[in-house]
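Structure record follows, encoded as structure tokens.
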Amino acid sequence: MESIQSHSVLQHKWFLYLTAFFSGMAVMAIELGASRLLAPYFSSSQIVWTIIIGTIMIAMALGNVWGGRMADKNPDPKRLYRRLLITAVWTAAIPFLGKYIIAGVTLFLALFVSHNFLIWAAFLSCLLLFAFPLLLLGTVTPSLIKYATNSLEDNGKTVGELGALGTIGSIIGTFLPTFVTIPTVGTARTFLIFSCILALLSLVYFLSIKRRRVLSCILSAIIFVSIFLPFSNSFAFWEKNLAYEGESIYNYLQVKETDESVILSTNVAVGVQSVMMKSGGLTGLYYDYALAAPLMAAAEPTQQDVLVLGLGTGTFAKQCLEYFPGISVAGVEIDEKIATLAKEYFHLPDEVNVTVYDGRAYLQNAGQYDVIMVDAYQDITIPFQMSTVEFFNEVKAHLKEGGIMVVNLNMHSEKEDAIGAYLSDTIQSVFPAVYATPVDSGTNVELFASTDEGFISRFARRTEALESNPLRRQMQTVYQAIQPAQPGTRILTDDKAPVEVLGMAVLDELIEKELSFVRNAFRSGDFSAVFGWSYRLG
């Protein structure tokens, strides 16, 4: 075997230390990039994070074992830096091929999987896209230890230094993508940046030994140049006329404009987070039902103070201002980019006082309101801290006398142990009067809660007093459908709130209905319908 010390770049340990540092950085960058790549298709829930972390840890562990055995069998640095170059190329290909692999996995599993579809689709996508490069990165540490330890006298010190530098690199690789590269240049170029770092490490090594210079130079140049080339990397690659597509610290964001409306979504294919009707008026969605809350509260609607937790781009806030002139509306939105889009694309009025903050944390120092709308639940990405008895007690403390809390529950299911039933029971443990209204379109249910048990009769009187217009007709629809919520004992607390597992169960139920359509289309030979479904689902 050729002596390691004969390679000029490895004559000193600093290059080995750099390799440990940047490899550790790349591991975490790929992991965070994986979460952002999968989130628009499978959500960013704790379940998806568990799949990502579990898959990556398994790949890294196997890489550690394999790398250690390879280092003992043939401790040739060329093998390590060749693996890093392969990792760089694979990582650079992820943003270009990943979305198609995810769509293909989704279509394939739709034909065979009946239960836990989202879990299996996320797991298989993660396995195909990220297991191999993380397996190769797992070989780095045992290989470096083999190259860097020359004697038993200082091997503990050397191993500790390599481990520390790898850990420091991982720390930086955690913060850098989250706060710098992903919000600034996006997920795709984040993958390219860190693949370029790995490619440069390999390039420096192969140039130092004058081996494989041409290949390593070509691959490194391709990866480096691709960072700066303009290219389309739309997550929703089947959409042709998006007004905006981008990313924030918290979300994938998509703004779609039609002749009638402007829509914000944080999923590539399903779900509407906010909508603006260009002609004004009602939306046909759950926001229209929530407008009953100002008519239920004790104060006159035009003199009320309204707080929206989970403002989005302000659909409900704008409707309150339109239908109840004189009302005061404040909104809390955790995603600053969404708050920016609200002004840019959705014409949010300046009268709406917007605060970029976590909804529950905001309440701790907030005043009192006549109406508090809780609209922070997004698919299965339900913030547990805003679904517990402690949270609803906090909301109750910030309601004026006769005030109303309205909660938008999505993913409604008739099953007794579904997420909606848990939230309903939790709210009823805090408020003596809770009523529910199902939304005609979609799977949403609006819950209205108050300490004033007479708010339904007040709502009926004010509805009849409205002028004959679309709002009056909508409120009559709400009144005819509203029913007292059935009490139960399923209480969510800060200590125990398995909202994502419960949400996943409902989503699995909804997906199963879609899967039956795909299988029937496949059996009938209607492949255009099958591919159309896979594009819609993402």
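The values are calculated or read from the model by the stated rules, or taken from the named source; none is laboratory data. Quantities reported herein were computed from a predicted structural model and do not represent experimental measurements. Virtual Cβ from ideal backbone geometry, glycine too; neighbours counted across all protein chains shown.
Need pairs with beta-carbon distance below 6 Å; first residue surrounded by 15 or more Cβ atoms within 10 Å (Cβ to Cβ) and within segment 45-64, second acidic (Asp, Glu); sequence gap 6+ or separate chains.
Listed by first residue and then by second, the contacts come to Ser45/Glu500; Gln46/Glu500; Ile47/Glu500; Ile56/Glu31.
Scan segment 39-91 for residues that are part of a helix (DSSP H, G or I) and hydroxyl-bearing (Ser, Thr, Tyr) and report the count.
The total comes to 6.
Among the residues of segment 164-177, are any more than 25 Å from the chain's Cα centre (by Cα), more than 28 Å from Leu219 (Cβ to Cβ) and among the β-branched types (Val, Ile, Thr)?
Yes, there is a match, as at least one residue in segment 164-177 is more than 25 Å from the chain's Cα centre (by Cα), more than 28 Å from Leu219 (Cβ to Cβ) and among the β-branched types (Val, Ile, Thr).
Name the residue that is modelled with the lowest pLDDT, counting only residues in segment 90-112 that are surrounded by 18 or more Cβ atoms within 10 Å (Cβ to Cβ) and of a type in the set (Val, Ile, Thr).
Thr106
If only one of Arg36, Arg82, Arg69 is closer than 23 Å to Ile209 by Cβ and among the charged types (D, E, K, R), which one is it?
Of Arg36, Arg82, Arg69, the one residue that is closer than 23 Å to Ile209 by Cβ and among the charged types (D, E, K, R) is Arg82.
Can you list the helices (runs of 4 or more DSSP H) found entirely within segment 449-538 that contain at least 2 residues being modelled with pLDDT under 75 and within 27 Å of the chain's Cα centre (by Cα)?
The helices (runs of 4 or more DSSP H) meeting that bar are 499-524, 527-537.
Residues that are over 26 Å from Lys396 (Cβ atoms), of a type outside the set (S, T, N, Q), at pLDDT 90 or above and surrounded by 22 or more Cβ atoms within 10 Å (Cβ to Cβ): does segment 301-317 have at least one?
no
Would it be correct to say that Lys318 is part of a helix (DSSP H, G or I) and under 25 Å from Ala449 (Cβ atoms)?
Yes, satisfied.
Of all residues in segment 134-189, how many are surrounded by fewer than 22 Cβ atoms within 10 Å (Cβ to Cβ) and outside any helix (DSSP H, G or I)?
6
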